[in-house]
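One structure below.
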Amino acid sequence: MKTSNISALRIAAVGAAFVGLLAAAWPVQAQQPAQPRQAPAQPRAATPGAGAAPVLSTELPPKGTAVVFFDVETVMRASTAMQNITAQAERARNSLQADATRQETELRRAEEELAGQRATLSQDAFNQRRRDFENRVQTVQLQLQTRRRNLEQNYGDAAQRIQQSLTESVIEVMNEQEYQIVLPNSFIFVARTTLDISGEVARRLNRKLPTAAMAN
């Protein structure tokens with residue numbers, strides 16, 4: 001005989017369902033600055049490879065230009081610190097997925113062993129072992145969920161430090177070049193690409209914060 005459906009459902013939550021949720025909800029994208037809409041007057045060449053760091057020009061608009069802009073997504077992809085924490089987050093996510101899969105396998109094996117003992121145990125003894133098993137499943141779920149929350153928090157904290165350095169870099173360029181307004185390109189409907197200061201912002205950001213690490 002098989003154990004209760006509750007046990008099977010909980011094991012699935014520990015394994016495939018949990019891993020699927022983890023893969024879908026990992027905060028690498030969500031914790032980054034909002035993705036801007038691309039709307040320059042002159043289209044730019046596509047960047048080879050989705051994860052490749054872009055090569056940016058540091059040529060700036062004339063000093064005192066009233067309004068300039070920068071591409072948040074492009075600057076973040078060029079950030080070596082962001083590349084650091086993205087790689088760390090990916091390794092942590094893969095490790096957590098592997099642990100979840102291993103735990104699922106062990107729990108399914110334990111469930112099969114419990115089912116095999118059904119005919120030889122008294123009802124009370126079987127019920128107790130089933131409760132112990134379900135408590136084990138719940139403990140594993142909680143442990144994995146806690147690890148996932150901690151990873152999300154650690155990634156978010158590291159990303160926040162990078163965003164703070166990004167803000168400081170933008171302000172530096174603005175003050176030194178006496179620009180009146182600096183906008184992220186998510187607020188731009190159409191603009192000359194010569195007003196784009198992304199390259200200099202990325203250079204300043206990498207100088208200010210060349211590396212970053214997630215907390216363990």
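Here are the numbers for this structure:
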item	result
Length added when fully stretched, Q160-A66, from 0.36 nm per residue minus Cα-Cα	31.0 nm
Extension gain from R147 to E112, taking 0.36 nm per residue of separation minus the Cα-Cα distance	9.9 nm
Hydrodynamic radius of region 177-216 per Kirkwood, over alpha carbon pairs, in Å	12.6 Å
Inter-label distance, nm, simple model (7 Å from Cα along the C-beta direction), V55/R91	2.9 nm
Principal axis box of region 94-152, alpha-carbon based, largest edge first, Å	45, 16, 6
Simple label model, 7 Å out from Cα along Cβ direction - Q128 to I171, nm	6.5 nm
Full-stretch length increase - L121, T101 - with 0.36 nm per residue and alpha-carbon distance subtracted	4.2 nm
Peptides 121-127, 195-201 ordered by average Cβ neighbours within 10 Å, highest first	195-201, 121-127
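Taken together, the values in this text are just the output of simple stated rules run on the coordinates, not laboratory data. Since the structure is predicted, the reported quantities are computational estimates derived from the model, not experimental observations. Cβ sites come from the backbone with ideal geometry, for glycine too, and all protein chains shown count toward neighbours.
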